[in-house]
1. Can you find even one residue in the stretch 10-28 that is exposed (fewer than 11 other Cβ atoms within 10 Å of the Cβ) and among the acidic types (Asp, Glu)?
2. Being assigned to a helix (DSSP H, G or I) and among the charged types (D, E, K, R): is that true of Glu41 here?
3. Would you pick out the residues in the stretch 66-108 that are in contact with a strand residue (DSSP E or B) (Cβ under 6 Å, 6 or more places away or on another chain) and not charged (D, E, K, R)?
4. Within the stretch 53-98, count every residue that is within 14 Å of Ile28 (Cβ to Cβ) and either in contact with a Phe, Trp or Tyr (Cβ under 9 Å, 6 or more places away or on another chain) or surrounded by fewer than 10 Cβ atoms within 10 Å (Cβ to Cβ) (or both).
5. Take the residues of the stretch 29-52 that are hydroxyl-bearing (Ser, Thr, Tyr) and over 20 Å from Arg70 (Cα atoms): which is surrounded by the fewest Cβ atoms within 10 Å (Cβ to Cβ)?
Amino acid sequence: MRTDAVRGHLDGLLLAVLEPGPRHGYAIITAVQERSGGALELRTGTIYPALQRLERLGLLRSAWDAVGERRRRCYELTDDGRRALAEERTAWQEFTAAIGSVLNPARPAAGGAA
């Protein structure tokens, strides 16, 4: 899938995969890829700036987590992040309904104008 097709929806994708609970960066990338059936592949250079921006906006919070000798930053939704995710979902449903009505118009009833 084209990277530019994801751009406008990256925030919603990141918020959605963090809804079940905290994840570190690689787990976020993996979750998006798995949920999309492999259609979406995000790069670290794309998600980390977005995660940092979402954190500055108060939609995420992060903390360092130690796994053996390794430290990794884990991100989780804030209450504002959960509200933003709900808004993203509503906006997505409205958007897909509008585009769908143009790309796949309902067929007119028999005898109706074409």
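Nothing in this text is a laboratory measurement; each read-out follows from the coordinates by a stated rule. Because the structure is predicted, anything quoted here is derived from the model rather than measured. Methodologically, a virtual Cβ is constructed for each residue, glycine included, from the backbone with ideal geometry; neighbour enumeration extends over all protein chains shown.
1. The initial filter retains those residues of the stretch 10-28 that are exposed (fewer than 11 other Cβ atoms within 10 Å of the Cβ), namely 20-21.
Narrowing further to those that are among the acidic types (Asp, Glu): none.
No, the conditions are met nowhere in the stretch 10-28.
2. no
3. Those that are in contact with a strand residue (DSSP E or B) (Cβ under 6 Å, 6 or more places away or on another chain) and not charged (D, E, K, R): Cys74, Tyr75, Thr78, Gly81.
4. Within the stretch 53-98, residues that are within 14 Å of Ile28 (Cβ to Cβ) and either in contact with a Phe, Trp or Tyr (Cβ under 9 Å, 6 or more places away or on another chain) or surrounded by fewer than 10 Cβ atoms within 10 Å (Cβ to Cβ) (or both) number 7.
5. Step one: list which residues in the stretch 29-52 are hydroxyl-bearing (Ser, Thr, Tyr), which gives 30, 36, 44, 46, 48.
With over 20 Å from Arg70 (Cα atoms) added as a condition, the list becomes 36, 46.
Working: Ser36: 14, Thr46: 16.
This residue is Ser36.
Residue-wise test of (1) part of a loop (DSSP other than H, G, I, E, B); (2) touching a residue at least 60 places away in the same chain (Cβ under 8 Å); (3) closer than 14 Å to Leu10 by Cα; (4) hydrophobic (A, V, I, L, M, F, W, C).
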{"residue": "Gly21", "(1), (2), (3), (4)": "yes, no, no, no"}
{"residue": "Ala27", "(1), (2), (3), (4)": "no, no, no, yes"}
{"residue": "Gln33", "(1), (2), (3), (4)": "no, no, yes, no"}
{"residue": "Ala50", "(1), (2), (3), (4)": "no, no, yes, yes"}
{"residue": "Ser62", "(1), (2), (3), (4)": "no, no, no, no"}
{"residue": "Arg71", "(1), (2), (3), (4)": "no, no, no, no"}
{"residue": "Gly81", "(1), (2), (3), (4)": "no, yes, yes, no"}
